[in-house]
Amino acid sequence: MPRPFEKSREIGGPDPIDVGVSDRRLPLRALVPRLLRRRAALGLAPAIAPAVIFVPLGVLMGPAFLGLLSPDVLVHLDAVVSVGLAALGVFVGMALKLQSARDRALLGAGCVESSLTIAFVTGAVWYLLTKWGMPLTLPVPLVALTLGICAAASSAGLVEASSDVRHRTATRIADLDDALPILVGGAVVALVASTDAPRVSDALVWTGRTCLVGLTIAVAGWLLFERAHSDAERGVFIIGTLVLLGGSAAYLSASPLLSGMTAGLFWTWTPGRAEQMVRESLRKFQHPLIVLLLLVAGASCRPTVAAVWLFAPLVLFRLAGKLAGGWVAARLLEEVTPGDLGTYLVAPGLLGIAFALNVDQWAGARGGTDILTATVAATLAGEALAMLLVPTKGDAPTEATRTEATPA
Amino acid sequence: MSRLSLGRVRRETRLLAATLVVSIAALFLLARFRYPAQEAAGTATTQPLARLAATAPYEELAASIERLEARVLPSLLIVRVDAAGTRDTFEPLVQSTPVDSPRFVPALRVRDDRAIAILPPGARIQRMIGSREVPTIVTTDPVRGLALLDVPTEPAVVTSVWDSSTPLSTPRYVATAEGTRGGPTLRPLFLGRTDAILDLRWDAALLALGGAGAAPVGSFVFALDGRLAGVIADAEGGPAIVPAETLMRVSDRLARGAPLTTGDLGLTTQALTPALAMATGAQFGVIVAFADPTGPTGKNVRVGDVVWGINGEMVYSVEGFGDRVARMPPGTLVKLSLMRDGQKLDVEAVVGEHDGGPSFDAPGGLGLVLRQADGLGSEVMRVFPRSAAAYAGLAPGDLIIHLGDASAPAPSTIQRLYRDATSGSVLVVGVERRGRHIVLALTK
């Protein structure tokens, strides 16, 4: 039976590693023994969010502790990180496959929810930074908006066959709500990377150029791998296209996430088997790339005073933004969204970390590392909050809900 | 089912309401805190791929300055001070220029409504660049020239301060923040070496800069990572950096309203020339040119004495001696080591309060002791340092034969004319000095 709501972002859908995972919505008392009996105990299955496992591991391997990921190593991994970010963008783009009016409504709900979260966090952080007088190299509005984007990402967890429809819908919205932050993030990265005085008009132009570059590479790659003679040749073309997406974005001071999302969107809408081919190829190395991103993010963290100050408002106002966004989206589009959408979206996933890592590449010493550290800490705190807030199976109605009653 | 849905909505709404209430409360609670001063971030990184390629050092320096601008310029203000404030040295034999251009002095915002700046003696603030409001001088440290300004309220950026326990290693580049008519500007300053010199005015070790004219006095010095290293001030032998910690300590004292009275011994001294040294038998020190008979040392010190020590410390310059005395609170017992008629002797005196008349605290004061010269005018007996008369270039022995519209003015006429003049106006003074006739400008 097809599973229409497969989670396809961080973990790329059901693959051997994802199969047979435990349900993290179990009560803690039952969850722990179950985790210990499974691969989740080693972080090999997403019963616990990957960030919870690999970010602390990255911190341990980083310059502050073991030094395996020394600053020199991290500098040389920048190029690989850009490719990893582009791969994430491709996943987000391919998740934007809108086949029905219900999908478009879900995209609208996701945009409403993410824009409200961005507004909550940006406004609160902007206000606090102004009051605190925190010395920042980057402009205060830019820092606030960056944190808002980092907070907007969400992950509703893995969908299983036994998951109720509300959970499935929330997961689909969690996939779709990444599009708007990545689009706005493209402009933010252009502003952060600019060596001149930041101008919004330039940023918008660069956002357009990033999309254009992503589209061009996607077309070129598609022409190549659609005509490949063998799977191996196709795989090489797809990997080459992905490297080109990440590398060109890094070279042009653009966002690999946005260029990747544009490419993913193109492959999804292109007739033929492009989406399927890319998905199958990316599945082979998506895990190493994501693990690498998380390890690098952990190793790049630095527990500064600024990061500690940014952490608390980020956690609090992200929670408020998610709940408010879910509440509003549920009322604007109540025929497709569950009433308690916000609580499902409390878990942050890893897109926020990925975006913060992208900003850190360009503005590490100008406050980027503080933003990354605060985002990583807030992500871990968000995962903990999600365990408390996300409705467990016991809370969920087993009968049809209003969502199920009005299928698209 | 509807009951279940209703319950779910209620739970969600309750949770949202509770979160919003907590968030708003937290927002206002967190906004009450101020970010503490902290260690600044390290050097900035470049683009990911550009890090692998070498860049020209000067481009890197320019990029560092550019990043620094974004960090420190929000905390800097520029005030325009009038011409009276531009004459920070007194050179009686050099005729003052008729028109002095205004000067743009940088000020560092230390609080939302307060800034500090090193202002030239007698400076009056005309305006602030980029603002219609005119800052006012709240108080001034008369010894160090550090002024606390009341500036338009804006959120102050916390300034990271260089920890003086870490030496400012050289050679290195720093950036100086200077004032221009357009606003603050940063420019790199290469420090080949910095030598610690003890300065009596600041009661701390300053960092002497190699080479004069490195940056204007009053410029703030920042390390390239954004930390405030200090401010450039006049010191014996040339400009020096006052360490940021010392600067902040003094500005805190100013902000707390600590008393700023300065000590005075009633002595006017001048440097020891080789001829005077031979005549007095002193190898170093300062020679007394005038001892106020009613002052603290009127009975113990006389003209021609050489002061070569104060409280056991050697005296080498007029400025050093004056600063040392000025820093002593009135009522302090001080021991002066003198050379009189080739003999060494020690005298004690109780430091008095500087009546000085005109100084930093009373910039409008005339600062003259006059004696009537019948039919000729008034003879200048004494000129108080940092007074309007001193800035005009008057010196003891001058004969004032003309002031404003008055010819051969008596001392009372001079006092009255100066008192009645409006602030900022200029009186023309005709002076006979050693047989020559000169004209000076006396600015109120």
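D for the range B:196-337, whole µm²/s, Stokes-Einstein with Kirkwood Rh over alpha-carbon pairs at 25 °C and 0.890 mPa s: what number?
145 µm²/s
Roll a 1.4 Å probe over the protein heavy atoms and report the accessible area of B:Leu206 in Å², nearest 10.
0 Å²
Give the ranking of A:Trp362, B:Trp308 by solvent-accessible surface, highest area first, calculated with a 1.4 Å probe.
Largest to smallest exposure gives the sequence B:Trp308, A:Trp362.
Using a basic spin-label model with each label point 7 Å from the Cα along Cα→Cβ, how many nm lie between B:Glu245 and B:Thr153?
With each label point 7 Å from Cα toward Cβ, the separation is 3.3 nm.
Assuming R0 = 22 Å, what is the FRET efficiency of B:Val350 and B:Phe284, from their Cβ-Cβ distance, to the nearest 0.05?
In this case the efficiency is close to 0.30.
Which value in Å does the Kirkwood hydrodynamic radius of the range A:49-401 take, with 1/r averaged over all unlike C-alpha pairs and then inverted?
Taking the inverse mean of 1/r over all distinct Cα pairs, the range A:49-401 comes out at 20.2 Å.
Roughly how crowded by other chains is peptide B:17-29, in terms of the mean Cβ count from those chains within 10 Å of each of its Cβ atoms?
For peptide B:17-29, the averaged partner shielding equals 4.
If I model a spin label as a point 7 Å beyond the Cα along the Cα-Cβ vector, how far apart are those points for B:Phe28 and A:Leu60 in nm?
A separation of 4.5 nm, rounded to one decimal place.
Heads up, I need the accessible area for A:Arg366: 1.4 angstrom probe, whole protein in place, Å², nearest 10.
40 Å²
Of A:Tyr251, A:Tyr344, A:Tyr127, which has the most accessible area and how do the rest follow, probe 1.4 Å?
Ranked from most to least accessible, the order is A:Tyr251, A:Tyr127, A:Tyr344.
At 7 Å along the Cα-to-beta-carbon direction for both B:Ala17 and A:Lys284, put a label point, then send me their distance in nm to one decimal.
5.7 nm
How big is the convex hull of the Cα atoms of the range B:368-443, per residue, in Å³?
76 Å³
At 1.4 Å probe size, what's the solvent-accessible area of A:Leu316? Round to the nearest 10 Å².
Surface open to solvent at A:Leu316 totals about 40 Å².
Subtracting the Cα-Cα distance from 0.36 nm times the residue separation, let me have the gained length for A:Leu388 to A:Thr130 in nm, one decimal.
89.6 nm
Would you mind giving the mean number of other chain beta-carbons within 10 Å of the Cβ of each residue in A:124-131, as a whole number?
Taking all residues of A:124-131 together, the mean is 4.
In nm, what is the difference between 0.36 nm times the number of residues separating B:Ala410 and B:Val426 and their Cα-Cα distance?
My answer for the length gained is 3.9 nm.
Show A:Trp126, A:Trp222, B:Trp202 ordered by accessible area, largest first, where the area counts protein heavy atoms only and the probe is 1.4 Å.
Heavy-atom accessible area, descending, gives A:Trp126, A:Trp222, B:Trp202.
Order the peptides A:131-141, A:274-284 from the highest to the lowest mean number of other Cβ atoms within 10 Å of their residues.
A:131-141, A:274-284
Pull out the extension gain between B:Arg187 and B:Asp163, defined as 0.36 nm times the separation in residues minus the alpha carbon to alpha carbon distance; nm, one decimal.
That pair, B:Arg187 and B:Asp163, stretches by 6.4 nm at full extension.
Which value results when the Cα radius of gyration for the range A:196-345 is divided by 2.2 N^0.38 Å?
For the range A:196-345, the normalised Cα radius of gyration comes out at 1.34.
Restricting things to alpha carbons, tell me how big the range B:256-302 is in terms of Rg and Dmax, in Å.
14.5, 48
Past 32 Å, Cα to Cα: identify those pairs from B:Lys299/B:Lys444; A:Lys97/A:Lys131; A:Lys131/A:Lys322, in the order given.
Table pairs above 32 Å Cα-Cα are B:Lys299/B:Lys444; A:Lys97/A:Lys131.
Spelling out what I want: for every residue of the range A:321-327, take phi, set θ = phi - 60°, compute 6.51 cos²θ - 1.76 cosθ + 1.60 (Karplus), and round to whole Hz; glycine and proline get x.
Using θ = phi - 60°, the values come out as x, 5, 5, 5, x, x, 5 Hz.
Is there a simple number for the mean count of other chain Cβ atoms within 10 Å of the Cβ of residues in B:68-76, and what is it?
Average per residue, whole number: 3.
When 1/r is averaged over all different Cα pairs and the result inverted, which Kirkwood radius in Å belongs to the range B:263-353?
Taking every pair of different Cα atoms in the range B:263-353, averaging 1/r and inverting gives 12.7 Å.
The values are calculated or read from the model by the stated rules, or taken from the named source; none is laboratory data. Please read these numbers as outputs of a predicted model, since none were measured by experiment. Heads up, the Cβs are rebuilt from the backbone with ideal geometry, glycines too, and the neighbour counts pull from every protein chain shown. Accessible surface is based on the protein model in full, side chains and every heavy atom, while ligands, DNA and RNA are left aside. Shrake-Rupley method; radii C 1.70, N 1.55, O 1.52, S 1.80 Å.
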